[in-house]
Structure formats: C-alpha cells, structure tokens
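Quick note: the coordinates plus some simple rules give every number you see, no bench work behind them. Being a predicted model, the structure only gives us computed values, none of them experimental. Using ideal geometry, Cβ is built from the backbone for each residue, glycine included, and neighbour counts are taken over all protein chains shown.
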Amino acid sequence: MVLFRKVLIIIFLILQILPAQSIDSMMFHHQNIFYSKHVKAVVGSRLKLLYPELNEMLLQWHYVCVPENEFTTVDTNFHYLFFGTFDSYTTLNKWLPSTFLSTKDGFLFKGEKFSDSLDALHLFTSDGNFCFTLGNSISAIKSQFSTFITISQFNIMRNYRIAYHGFLNNDNSLDSNHFYDCRALQSKQLKQYNSRYYEFYIDPALLTGEVNVDSLRSSEDKKYLDIVKICQVPISQTRIKCYVYKDFAQKYFLSATPGSGNPFEKAMESHNVGFSSVQHESIHLLAGEMSTFLAEGLMGYFYTKTDTKEWTRIRNLFDKPEDPDFERYLYKGDFDFTSEAYGSAAYFTRFLIDTYGLSKFKSASKYIFFTDAIKPVYNTTKEKLYRKWSTYFKKTCIPSGPACDLTIRVETKNLNPGEKIYITGEQPELSRWKPDGIVLDSVSQGFEKKFKFRKGKTISFKITRGSWSSEALDEEGKIPGNTILSITGDMVKTIQVNSWKDRK
C-alpha cells in the first residue's frame, strides 16, 4: 500500500540522468516542486462511503486529510493530493486543469471521453501545487501504481494500458507536441518481435549494432525461466509486453513491462530505463501484488541467489543487526527507496526465505501489514522473529575491521578549463548516486579525494563531470558498470578517463 510513494524516489533517480534543459527535465522539475512541500490529501466527500478501502489507504500513508467541502483556498505552505475515484468527488473541476474535465461517469481529455471502469488519470499540475491520482474504479487506480515512473507529467490509462502521456505548459494548458498517443505509436512506429515469453515493440530506428533483437529475445527468455525457478512462480499463459522507443528529447531507451498490481491478461506498460527493467518488472508481475518492502525484498532475494557479488554487496551495507530500520521500512511502510531500504528488504527477505521457506514468504506477502502475518504464518512474535534475524545476521554478515584510508584519484586530459570531476557511489560517504555529490580536489597528479572505510567492506562508485549525461566512459568508449572495490587496507585507486558520455 505504500507503492504510491515509489514515485518520489524513482522520479528523483531518473531526473539525475536527464539533460539539464530537456523537455523531460522540465516535467520532472514540476513534479519535484510538488514534493518540495508537505502534502495534504483532499478527500472526496463520498470516498469513505463508496470506497472505504481507498480511504484506509490514505490513512496508512499518514497524510493530513482535508474533506473537499472544507477545501476552499490553497495554503501556500502545502501541496495537495486528490486521490480516489471521480465519482467520490463533487468539486474536482474547480481544481483540475482545463485540459481535463470530470464528468458524472468518468472524465474528458481533449474532448475524448474516458468512461470505462478501468480508465484512470495521473497528473501533476505544472505549477506543482496539485497531484491528481484518479480513476473510475479501485482497479483503475491500482493500475496507476505501476505507471508512476512513466516519463511524463501526466498519463492516462485505458483498460490497464497507457493511452496518452506527456506534459502541460506552464499555464496548465496542453500543447499537442508535448504528449504521446501511445496507441498511434504502437501501430505506426514500433515493430513487433516475439519471443516465447515476451512481445517486444521496438522502434526500428533504435536497432543499431548495440541492440541485437535475436540475442535480446533469447537472453530475456532465459532470465524469465530463472525467475520461474528461483521465485517458484507459474509461467503465465500470456506474453509480457515490452516497449522500446525514444521519448521526446531523451538520449536513452525506455522499455516498458507490466508492473505489479494488475491482472496479467490485462497487462499494462510500466516505463523504466533500459532493458534491465524487463527482468526486474517481470519478477514483480509474476510474483503478484505485495507490499513495496516485500516486493523489493523478493527482487533482492532473486539477485542475491543468482549473483554472489550482489549477496556480498547487500551484506556489506550493514555492520549490526539493528542497522536496517525495519520499524520504518517494514512495519510503518515508509519505504524510501534508498540503498539502505533496498538492502534492508533484500537481507530480511533472504532471512525469511532461508529460515522459513519461500511458501511461507508468499503467504505472508498476501497481508497488507506484515505484523498481521507474523503469528498466523510464522507462528511467532515480532520480538522472537527479530531475535532469529539477529542470529541469522551474525552468521551471514561480513565482519568489518579498522578504518582505512582510501584515496580515489582520477587522471584525464579530456577536460576543459574550470571543469570539475565528481565521484558518486552507493555508500553515504559517496553521496548515494548523486552525480554531483562529491567534487574531487585538483592536485598535481589530476583529481583526488580521500575517504575512510572499514577494512573488509566493498564499495561501488562512478566518476562524472556533475551529471549522468557527462559520465566517464571506459577504455572502449562505452558506459561502464560500477567500479567495485574491496577495502583491504590503506589504498590508492587510480582511474584513467579518456572520454565522457557527452564528449567521446
């Protein structure tokens, strides 16, 4: 039920890789404005009566709720969320941008009627004051949970599929050049390539030497079977639909797969960056709907089972069993999508499955609140479960030694006068992947910075000139993976950079 908050972090993460003046960076600017202030929820006067489940969700999110009949003026100290069904509100049109119109049986967009029970709208106003997450039914609203990462300021769902997405002008009006008709895109621009388990819709213009369709199909099918085996989920009778195209001013691919919380036969598109999202979203989809903590935990479990380096990375995040903030991430549902949150989910899920089995984990995941699952599923108490976790942690953690000095040095000749070099990585000391988080000092040998990490720890990082669009490339001029370094003592790590993403 905390999936709504997922938009906050994913929007922030994607924003970091957008060109500073691109159309999409403008969109995310508006969305970030919305979340720059405390948010109040404006509750429809008929919500509690018609849809008590949705009313309960708002309470779980700990929003201050304002009845719509008491919401007459905007307090500049707050921004406002409208969440629910169209028929639960009576005053929506007073606040909706004029591009959209609420009707008695749905809504209008550019004069087009959306009255099916599965139609939904998600919208940030361009001034950042309002967010609307509205649908014609509970199922329609839930379908939006998986599309918040769409690269747009608004999206419209029709029968679990994105029909339109784009953004508004600064006066909240619509420019036809600023939105996508996804149905037209699919039928006119994209070419279909089927594998056994997937339908790929790819813009032929993107099929360069870096995109081998046959290899893509076979590799994704293999990874699909890995999901089925490790997560013990059934093979679906319907292919997963994945879309790959170039969106607006973007310099990267978007791939889309169905997200969690939706019937598979009504598979929708949930946009994400790069082909790696195909497997990621497929795990969510095949495993079914569950809380964000357990959903991302199962994801972490899968990757720690298939990649020993990932299991090492997760265990490296924590020094003590009390380091993961389960009270916040799991019991209060405040999953903030930081490395600690993902790591906590992965480590704890691995503990649950290793200790009690995957079958019980699946049973527990069906509960809205994990605390409600502890007694009936695990036949224990919260306190006893935590003691078992502490024992498990002490057996599996990676012991850390004394603090060591690590010097990161970058040597490059491909730099203009006055430009700076930055380091960013997973650890808090490395700014948690903020591309302009830590500037390196200019020294005679190049650029460097000294850090302290405990012996035995493993860190991961990248080098940039302040943004992901100016990321350092490897020796072959390609975007590299993370630099992974195990701390064995006082160390100096020298990195030679010959080219940058924006300056090959």
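Mind ranking 438-448, 338-348 by how tightly packed they are, going by the mean number of other C-beta atoms within 10 angstrom, highest first?
Answer by packing, highest mean first, reads 338-348, 438-448.
What fraction of the DSSP beta bridges in region 51-172 is antiparallel, stated in percent and rounded to the nearest 5? Don't skip to the answer; put the middle values down first.
On the way: 21 of 27 bridges.
If I count the DSSP bridges inside region 51-172, around 80 percent turn out antiparallel.
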task: Would you list, by chain and number, the aspartates and glutamates whose Cα falls below 17 Å from the Cα of residue 375, excluding same-chain residues fewer than 8 positions away?
output: 383
query: Using a Cα distance threshold of under 28 Å, what count of lysine pairs results for region 30-117 when pairs must be 8 or more residues apart or interchain?
result: 12
query: Quick one: which of 114-122, 491-499, 42-50 comes out on top by average Cβ neighbours within 10 Å, and what's the full order, highest first?
result: 114-122, 42-50, 491-499
Kirkwood Rh, angstrom, region 37-179 [1 / mean 1/r, Cα pairs]: 15.1
statement: The equivalent-ellipsoid semi-axes of region 361-408, taken as the square roots of five times the Cα gyration tensor eigenvalues and listed largest first in whole Å, are 35, 14, 8
statement: Ranked output for segments 459-466, 349-356 by mean other Cβ atoms within 10 Å, highest leading, reads 459-466, 349-356
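Give me the orientation-averaged projected area of the Cα convex hull of region 51-90, in nm², one decimal. Walk me through the numbers before you get to the answer.
On the way: hull surface 12.7 nm².
With the hull built on Cα positions only, its mean projection is 3.2 nm².
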query: Where does the Debye-calculated log10 I(q)/I(0) of region 308-396 sit at q = 0.11, 0.15, 0.19, 0.23 Å⁻¹, using only Cα point scatterers of equal weight, no solvent?
result: -0.28, -0.54, -0.90, -1.33
message: List the aspartates and glutamates whose Cα sits under 20 Å from the Cα of residue 449, skipping any in the same chain fewer than 8 residues away.
response: 405, 411, 419, 426, 429, 436, 441, 471, 490
Reciprocal of mean inverse Cα separation for region 403-497 (Kirkwood radius, Å): 13.5
statement: Violations at 29 Å Cα threshold for listed pairs 222/455; 305/360; 309/455; 241/362; 142/241; 223/493 -> 222/455; 223/493
task: Could you please report the charge total around residue 376, scoring K, R as +1 and D, E as -1 over all other residues with beta-carbon less than 14 angstrom from its beta-carbon?
output: +4
statement: A correct Karplus calculation of ³J(HN,Hα) over region 45-61, with 6.51 cos²θ - 1.76 cosθ + 1.60, θ = phi - 60°, whole Hz and x for Gly and Pro, returns 5, 10, 5, 4, 6, 7, 9, x, 5, 5, 4, 5, 4, 4, 5, 5, 7
- request: Under 13 Å Cα to Cα from residue 332, which aspartates and glutamates show up? Leave out anything in the same chain fewer than 8 places away.
  value: 372
- line: Proxy exposure order for 281, 471, 289, 411 (fewest C-beta within 10 Å first) is 411, 289, 471, 281
task: Return the tail of the calculated pair distribution for region 80-163, meaning the percent of Cα-Cα pairs more than 21 Å apart.
output: 16
